[in-house]
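The values are calculated or read from the model by the stated rules, or taken from the named source; none is laboratory data. Everything numeric in this text was worked out from a predicted model, so none of it was measured. Neighbour counts are summed over all protein chains in view; Cβ atoms, including those assigned to glycine, are modelled from backbone coordinates with ideal geometry.
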Amino acid sequence: MSTTPSGGPAGGAAPSPVSLLWAAPEDSHAIAKLHATLFPTAWDSDAIKALIEHPASLALVAVRPGRDIVGFIIAQIAADEAEILTVGVALDRQGHGIGRQLVEGASRAAKRSEARRLFLDVADSNAAARALYASCDFTEIGRRKAYYTLPGGAREDALLLARDLTSV
C-alpha cells in the first residue's frame, strides 16, 4: 500500500478543473505511468488492472478533458470497512485540491457501499500527505515499523490512519 499527497507548492495560474470518474480497466496503463512518477516502487499496469477489475474495488480517476488522467485513487471494500491502497496526483497538478477530491470521492463511495471506516497507511516522513489526511478527518491508529523500503534499501515506518465514515 502506498499513498502520496495532492499537497505541494501551488504556483502560477490555476490549472483547468478536473472531473472524478470511475476508473476503467483501460485506464490501467495511464495510472501505472503516473504511479511510476510518484513512487519508488511502482505498480505495473497488470496489477492496477487486476485491482480495478476486482469486485470489491473502488477506483476513481481525476481527469481533464479528453480523459487525461492527472490523479487516481484505488481502494477495496471488505464487509463494513474500506482501505485506500494507493492515491496519487501528477506532480504538476499537486497543491490544487485534487488529492482532497479523490479522498472525499472515495470516502463517499465507500460509505454508499456501507463501509463504516476507511483505512490507509502513509510514510511517516510524508508531511504533505499526513496534513491532507488529517484535514480529511483521518486519525492515527497505529504504526508499522520499517514497512516501506526506500531507494538504497533504507526502511521507513508507515502510520496507520482511519476515518469514521458514519458522519460523511
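So here's what we get for this one:
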quantity: Residue match in the range 104-126 (condition: in contact with a Gly (Cβ under 9 Å, 6 or more places away or on another chain) and farther than 29 Å from Pro25 by Cβ); calculated: no
quantity: Unmet criterion (only one of (1) within 17 Å of the chain's Cα centre (by Cα); (2) surrounded by fewer than 12 Cβ atoms within 10 Å (Cβ to Cβ); (3) of a type in the set (Gly, Ala, Ser)) for Gly142; calculated: (1)
quantity: Failed item in (1) in contact with a strand residue (DSSP E or B) (Cβ under 7 Å, 6 or more places away or on another chain); (2) of a type outside the set (Phe, Trp, Tyr); (3) touching a residue at least 12 places away in the same chain (Cβ under 8 Å), with Asn126 passing the rest; calculated: (1)
quantity: Residue list for the range 46-56, restricted to those being of a type outside the set (Val, Ile, Thr) and in contact (Cβ under 8 Å) with a residue 24 or more places away in the chain; calculated: Lys49, Leu51, Glu53
quantity: Every residue from the range 95-124 that is closer than 16 Å to Glu83 by Cα and acidic (Asp, Glu); calculated: Glu104, Glu114, Asp121
quantity: Number of the exception - Ala10 against (1) in a loop (DSSP other than H, G, I, E, B); (2) out of contact with any helix residue (DSSP H, G or I) (no Cβ under 8 Å at 6 or more places or on another chain); (3) modelled with pLDDT of 90 or more; calculated: (3)
quantity: Enumeration of residues in the range 16-54 that are touching a Ser or Thr at 6+ places or on another chain (Cβ under 7 Å) and small (Gly, Ala, Ser); calculated: Ser28, Ala32, Ser45
quantity: Residue check, Ala75 over 20 Å from Ala162 (Cβ atoms) and of a type in the set (A, V, I, L, M); calculated: no
quantity: Pairs with Cβ under 9 Å, 6+ apart, first in the range 151-168 and within 18 Å of Glu140 (Cα to Cα), second part of a loop (DSSP other than H, G, I, E, B) and of a type in the set (Gly, Ala, Ser); calculated: Glu156/Ser125; Asp157/Ser125; Leu165/Ala115
quantity: Those residues of the range 60-74 which are without any contact (Cβ under 8 Å) to a residue 60 or more places away in the chain and in a strand (DSSP E or B), in sequence order; calculated: Leu60, Val61, Ala62, Val63, Arg64, Asp68, Ile69, Val70, Phe72, Ile73, Ile74
quantity: Verdict on Val61 being hydrophobic (A, V, I, L, M, F, W, C), surrounded by 15 or more Cβ atoms within 10 Å (Cβ to Cβ), in contact with a Lys or Arg (Cβ under 9 Å, 6 or more places away or on another chain) and within 19 Å of Leu34 (Cα to Cα); calculated: yes
